[in-house]
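A short worksheet on the structure shown next.
The values are calculated or read from the model by the stated rules, or taken from the named source; none is laboratory data. Note that the coordinates shown come from a computational prediction; the quantities given were computed from them, not determined experimentally. All Cβ positions, glycine included, derive from the backbone under ideal geometry; neighbour counts span all protein chains shown. SASA here: full protein model, heavy atoms, side chains in, ligands and nucleic acids out. Shrake-Rupley method; radii C 1.70, N 1.55, O 1.52, S 1.80 Å.
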Amino acid sequence: MTWTAPEIERTPTPLVADERPMLQAWLDRHRETLLWKCAGLNAEQLRSRPLAPSGLSLLGLVRHMSEVERGWFRIAAAGAPLDYLYCSEDNPDGDFDDVADADPEDAFATHHREVRAADAAVAALTLDHTFTHPLRTAVFSLRWVYVHMIEEYARHNGHADLLREHIDSRTGH
């Protein structure tokens, strides 16, 4: 039996909330939107790269966002001594490039684990918490990471819209 990406119910965002719950709600909404764009597709569809000459795929986006969750929240903000999931110095785009034989079920499970681990890693940190990213020289705040991650998901969810539309004509918001 072929694995199919599960259906996703997206959580509504609050219209009024304090800063941290509002940022968390919008980040969660965009996390859910990426997976919602993949719902109902099989492994071959998730691996497909329908926008020639681009090599972008929905599976690559899910893998990339797992990598980004780990990189910004766990490794950078929380200082966890972790390796990256799919990328390395020798293969900086492994999250996007190495999807031909990648297992979508494993990639989705990894994404869910990374989201939970990212949230847990920064739960006790204030939005004013600062750190230096291990691959950059600037000082960042956790607030910046939340805003950046919302932007990162929003941008890639736009890519996901185009990919999904080319795969099976499904569109939505």
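Couple of notes before you dig in:
- When the convex hull of its Cα atoms is projected in every direction, mean area for the chain (nm²): 10.6 nm²
- Per residue accessible area of the stretch 53-173, 1.4 Å probe, in Å²: 49 Å²
- Sorting TRP72, TRP144, TRP36 by solvent-accessible area of protein heavy atoms yields TRP144, TRP36, TRP72, largest first, with a 1.4 Å probe.
- If the chain linking ASP97 and ASP18 were pulled fully straight, counting 0.36 nm for each residue of separation and taking away their Cα-Cα distance, it would gain 24.5 nm.
- Paramagnetic reach from LEU51 in the stretch 1-33 [backbone N under 19 Å; point 7 Å along Cα→Cβ]: 30-33
- When the chain is treated as a Gaussian network with alpha carbon springs shorter than 10 Å, the biggest mean-square fluctuation among SER57, SER88, SER66 belongs to SER88.
- Given charges at beta-carbon only (K, R positive; D, E negative), |dipole| of the chain in Debye: 460 debye
- The peptide list 127-135, 75-83, put in order of mean Cβ contacts within 10 Å with the highest first, becomes 75-83, 127-135.
- For the stretch 97-173 versus the stretch 1-61, the gap between their alpha-carbon centres in whole angstrom: 10 Å
- Selection from LEU56, CYS87, ALA76, by position along the positive dipole direction of the stretch 11-96 (Cβ): LEU56
- Percent accessible area from carbon and sulfur atoms, the chain, protein chains only, probe 1.4 Å: 54 percent
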